[in-house]
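K.L.:
Sharing a structure below in structure tokens format, with a few things to ask.
The values are calculated or read from the model by the stated rules, or taken from the named source; none is laboratory data. Not measured: the values here are computed from a predicted model. Using ideal geometry, Cβ is built from the backbone for each residue, glycine included, and neighbour counts are taken over all protein chains shown. Just the protein is used for accessible areas: all its heavy atoms, side chains included, with ligands, DNA and RNA removed. Shrake-Rupley method; radii C 1.70, N 1.55, O 1.52, S 1.80 Å.
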Amino acid sequence: MTRPNVSQTILKDIRALRLLVVHPDDRDREELVDQLSRIGCVFSCQWPLLDAPPPGTDMVLLAVHPDTLSQPCPWLEKPGAPPVIPIVAFENPITLAAVLHLDAFTTIASPVRPAGVLTALALTLHQSKQRRTREHYIQRLEQKAAHQHLIQKATRALMDARRLKEDEAYELLREKAMLQREPIEQVARQIIKATEALGI
């Protein structure tokens, strides 16, 4: 069971979101807007979806509708794109494909009912945070691997240029970085550029 203080934190985080409701002006949108207002969300409504959500949008609640099914969403592929909660009126292969394309964590069923909206917001917020954490971790691993490659290349360049052993060349590289008060990968990059310029 979730502790009450955790629930309050989640609710506070949801209320801090800037939501965009992309839905025709109908009974479903009225119900959705009423429930978002009861929760205390900050939101705006738009129909149809333009080329991209307004800057600063944290989450999109999107009607899976013939108008949206036929509209390309290139903004979805961009880094940092807001997560989408599809609002689904019926299930068929086309709708399912659209929901999968939106890479949604959950959906809201139409006709919209108050029960389930808060859960959909909380689940999407939690899962999108988890995804961002994983992406950040992967980026750090990739950067670390790229830096290791630079350091190894610079170490080999020093070994060849000064006829040093690998540990001696690495120690020289590390000392240069400490002396210049720069990250070791930055000094490695300088050495590689210098050796390439000299054709070593």
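K.L.:
Looking at GLU175, GLU168, GLU185, GLU142, can you tell me which residue is open to solvent by 100 Å² or more (accessible area, probe 1.4 Å), in a helix (DSSP H, G or I) and of a type outside the set (Val, Ile, Thr)?
P.N.:
GLU142
K.L.:
Only one of VAL99, VAL60, VAL64 is within 26 Å of SER7 (Cα to Cα), β-branched (Val, Ile, Thr) and out of contact with any Cys (no Cβ under 7 Å at 6 or more places or on another chain); which?
P.N.:
Working: VAL99 fails: within 26 Å of SER7 (Cα to Cα); VAL64 fails: within 26 Å of SER7 (Cα to Cα).
After applying the criteria, what remains is VAL60.
K.L.:
Suppose we filter the range 91-126 for residues that are of a type in the set (A, V, I, L, M, F, W, C), farther than 25 Å from TRP75 by Cα and out of contact with any helix residue (DSSP H, G or I) (no Cβ under 7 Å at 6 or more places or on another chain); how many remain?
P.N.:
The qualifying residues number 1.
K.L.:
Given the conditions (1) within 20 Å of ARG131 (Cβ to Cβ); (2) at pLDDT below 90, report the number of the one that PRO72 does not fulfil.
P.N.:
Here PRO72 meets the rest and fails (1).
K.L.:
Then there is this: What's the number of the only condition in (1) free of Cβ contacts under 8 Å to residues at least 40 places away in the same chain; (2) surrounded by 11 or more Cβ atoms within 10 Å (Cβ to Cβ) that ILE108 fails to meet?
P.N.:
(1)
K.L.:
Looking at (1) in contact with a Gly (Cβ under 9 Å, 6 or more places away or on another chain); (2) under 20 Å from ALA104 (Cβ atoms), find the lone condition where ARG15 falls short.
P.N.:
The number of the failed condition is (2).
K.L.:
Restricting attention to the range 131-154, does a residue exist that is within 26 Å of LEU32 (Cβ to Cβ) and out of contact with any helix residue (DSSP H, G or I) (no Cβ under 8 Å at 6 or more places or on another chain)?
P.N.:
Among the residues of the range 131-154, at least one is within 26 Å of LEU32 (Cβ to Cβ) and out of contact with any helix residue (DSSP H, G or I) (no Cβ under 8 Å at 6 or more places or on another chain), which makes the answer yes.
K.L.:
Go through the range 35-69 and report how many residues are in a helix (DSSP H, G or I), open to solvent by 60 Å² or more (accessible area, probe 1.4 Å) and more than 22 Å from PHE90 (Cα to Cα).
P.N.:
Count: 2.
K.L.:
If you don't mind, there's one more thing I want to ask. Quick one: LEU118 ticks every box in (1) free of Cβ contacts under 8 Å to residues at least 12 places away in the same chain; (2) part of a helix (DSSP H, G or I) except a single one, so which number is it?
P.N.:
(1)
K.L.:
What residue, among those in the range 112-139 that are more than 17 Å from the chain's Cα centre (by Cα) and open to solvent by less than 80 Å² (accessible area, probe 1.4 Å), is modelled with the lowest pLDDT?
P.N.:
PRO114
K.L.:
Within the set of pairs 6+ apart or on separate chains, which have a first residue in the range 42-62 that is touching a residue at least 60 places away in the same chain (Cβ under 8 Å) and under 23 Å from ASP13 (Cβ atoms), a second that is of a type in the set (Gly, Ala, Ser) and surrounded by 12 or more Cβ atoms within 10 Å (Cβ to Cβ), and C-beta atoms under 8 Å apart?
P.N.:
MET59/SER128
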